[in-house]
1. What are the residues in segment 193-213 that are farther than 16 Å from residue 463 by Cβ and over 12 Å from the mean Cα position of the chain (by Cα), if any?
2. Among 630, 622, which is the only one that is surrounded by fewer than 21 Cβ atoms within 10 Å (Cβ to Cβ), of a type in the set (A, V, I, L, M) and in contact with a Ser or Thr (Cβ under 9 Å, 6 or more places away or on another chain)?
3. What are the pairs with Cβ atoms under 6 angstrom where one residue, in segment 252-275, is within 15 Å of residue 440 (Cβ to Cβ) and modelled with pLDDT of 95 or more and the other, located anywhere, is surrounded by fewer than 16 Cβ atoms within 10 Å (Cβ to Cβ) and not hydrophobic (A, V, I, L, M, F, W, C)? Sequence gap at least six, or different chains.
4. Out of (1) in contact with a helix residue (DSSP H, G or I) (Cβ under 9 Å, 6 or more places away or on another chain); (2) of a type outside the set (Val, Ile, Thr); (3) at positive phi, the odd one out for residue 578 is which?
5. Would you point out which residue out of 147, 154, 97 is part of a strand (DSSP E or B), over 23 Å from residue 246 (Cβ atoms), away from the ligand (no atom under 15 Å from the Cβ) and out of contact with any Cys (no Cβ under 6 Å at 6 or more places or on another chain)?
6. Residues in segment 574-594 that are at pLDDT 95 or above and surrounded by 17 or more Cβ atoms within 10 Å (Cβ to Cβ): how many?
7. For segment 213-230, how many residues meet the condition of being under 13 Å from residue 251 (Cβ atoms) and either in a loop (DSSP other than H, G, I, E, B) or in contact with a strand residue (DSSP E or B) (Cβ under 7 Å, 6 or more places away or on another chain) (or both)?
8. Regarding residue 232, is this residue closer than 30 Å to residue 434 by Cα and either over 12 Å from the mean Cα position of the chain (by Cα) or at pLDDT 90 or above (or both)?
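The values are calculated or read from the model by the stated rules, or taken from the named source; none is laboratory data. On a predicted model such as this, the values are computed, not experimentally measured, just so you know. So basically every Cβ, Gly included, is an ideal-geometry build from the backbone, and we count neighbours across all protein chains shown.
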Amino acid sequence: MTRLQDMATLAEEHDYMARVRAAQDWMLDHARMRVATGAQVAGDRYTAETLGRMLKSHVKELAEEPEGAPYFGRLTFTEGEHRDQRYYIGRRRITEEQGPPLVIDWRAPVSSLFYRASATDRHGVAVRRRYGWSNRSPIRLTGFEDEHLDRGEELGTTSRLLAEEIERPRVGPMRDIVATIQPEQDELVRADLDQSLCVQGGPGTGKTAVGLHRAAYLLYAHRRQLKRTGVLVVGPNPTFLEYIAAVLPALGEVDVQQRTLDGLLTSAEPRATDADQAALVKHDVRTAAVLRRALVGRLREPTDGIVLTDGSYRLRVTATALAREFARITTEDLPYALGRERLRTRIVALLQRQLEYHGESPNRKWLDKTGRSQPVTAILDRCWPRVRPEEVLAGLLGDADALKLAADGILSDAEQQALLWARPPRSWKSARWTAADRVLLDEIAGAIEHPAGFGHIVVDEAQDLSPMQCRVLARRSRHGSVTVLGDLAQGTSAWAAADWRVQLGHLGKPDATVTALTLGFRVPAVVLAYANRLLPHLKVTVPVVRSVRGDGLLDVRRTSDLTAAVVERVRAALELAGSIAVICSAERVNSLATALDGCGERVSVRPATEVKGLEFDHVVVAEPDEIVAAEPRGIHRLYVVLTRAVSRLEVVHTGESGGWDLPFHAAHHVARR
Ligand SMILES: Nc1ncnc2c1ncn2[C@@H]1O[C@H](COP(=O)(O)OP(=O)(O)OP(=O)(O)O)[C@@H](O)[C@H]1O
């Protein structure tokens, strides 16, 4: 295309852009007008209020929409179902008062071709156009990039706009990737709602991004169903949740709950900590069987019958009949509370039969009253007593005999010993629970009564969940599907998973499809190659990630004054754009933070334990040996730490490498584009 043609096309694009802006203004005005008139047109007050609320939130959504690119792509078709059509694709659908939409939603079925059409499989697409926009407000169209699929052109990961997007400096929270979703990511994003997925993805392959976009996609494709059942995103810690919080709202989805696993638990906050051995036993899946046994141990087989006086009748249920019903219900595998209600219903049915034998026909009121009568309630309280989770757990942790009874053949003597309280509280009401206890309380609560579930759960960093934590989620997705995201190589918890099939079993979805993402979008190739040298030292087998980024810098240096060297590296980094993180062992955070005081908001000092899932333009790792030595899976932690850099990684160390075959002592090594 000549320069003149190029300018003509750009002018045409600017005209279209102006039309889209006008349509956006019209949509906002129109929505406001409907709020104003909604109350008058709707029938009764309730409908008017509901409608009003709905319209108001629509206006709020439109008005609050961040000023962003109204579209990012365009497809031109010359063949097939969409022959001679041209579609602009954006984060939201944009329409004028009449006529076809000016911009279609990225989640609409045809938009999928924007991500998937290729020169060999065009689906009628002749040209795919990507738009570039200025980041500053007011946002401006700066150019575009065409791929003539009909002429065999295909840019793939060499697209200039994709490169600009992944290489841009990172400041603030995570952003959406709708403009540049890759074909293998799109397949995961658009998988059916009833399909549970597990994505094994090395560092920076876009797992988190894929999970969040999948949530947005499912809400679009199954809005009604998911509005009712809900979507939940589970992340490893509050910092991570803060980091990802803006992605879904930017995609127009505000109705998604985003929580940590602990945030799902309803029991009181922990007030005690477990010894390592106790925590290990509590997070072990065998503990579920112990708790189940303890709960069932509350049941008492009926030994007496019931006699109930009803008017002139004396109604009876014999001990034998009662024992038969009781036995039958215990084989039905019901939640505990439901079992109690089932027994009540059966007793009432037996009494009802007798009354009918006398020629009476008892009504609903009689059935309710009889179910609540003293003799029936007394039997239930004796045979199937109401229980609280806290009572059951305290009954085990505070009583060696009770624990032995429940754990016999399941936990060893030493394991039982590890669980027991050194000084049991006077009552379960004054027990001081630990974080692991809260997971056990949830297990018991779930066995008593199934918790409300979600239509879909996205769980990130799932490799770190213990079997018992997995069960917390399994209980909440009994009738829904899950997207499980993680990287076995980044497992740092004491119970980190080594095999997805096993973990999926604990999550209640043993048959979920496991897919690997192996293209890295965050970490530059030179940094990734360095971090990947750790892989042989990790106790897992994972596919190796290949970076799409040829830029970046790696600098490993030995020093005799760690603090001075770190300060010097940070000062140098401040000359460049983007965020800077100094990552070190928890013990070193304070001293380095003091030394770096006054360096400004772009610099943060973070303990190695709190950077999972995050990314920074420039990372300075201080004394990696200390990070490795700080915890049993310290080498996995170091792998996480070394893979947080978007552009530059610097490693500063004082000693020789410790025991493991790591290249920290390597000569000063710099690689630049
Ligand atoms: N298709 C894409 N286009 C542009 N950027 C992308 C794409 N996929 C991922 N990214 C970017 O790469 C970075 C890493 O993505 P993300 O955090 O989702 O990876 P991850 O697999 O969860 O990483 P980790 O396991 O290390 O936490 C993010 O900045 C994300 O926006």
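1. Across segment 193-213, the qualifying residues are 193, 194, 195, 196, 206.
2. Numbers: 622 fails: surrounded by fewer than 21 Cβ atoms within 10 Å (Cβ to Cβ).
Only one candidate passes the filter, namely 630.
3. none
4. (1)
5. Working: 154 fails: part of a strand (DSSP E or B); 97 fails: part of a strand (DSSP E or B).
Just a single option satisfies the conditions, and that option is 147.
6. Qualifying residue count, segment 574-594: 9.
7. Selection size over segment 213-230: 5.
8. Numbers: closer than 30 Å to residue 434 by Cα: yes; either over 12 Å from the mean Cα position of the chain (by Cα) or at pLDDT 90 or above (or both): yes.
In short, yes.
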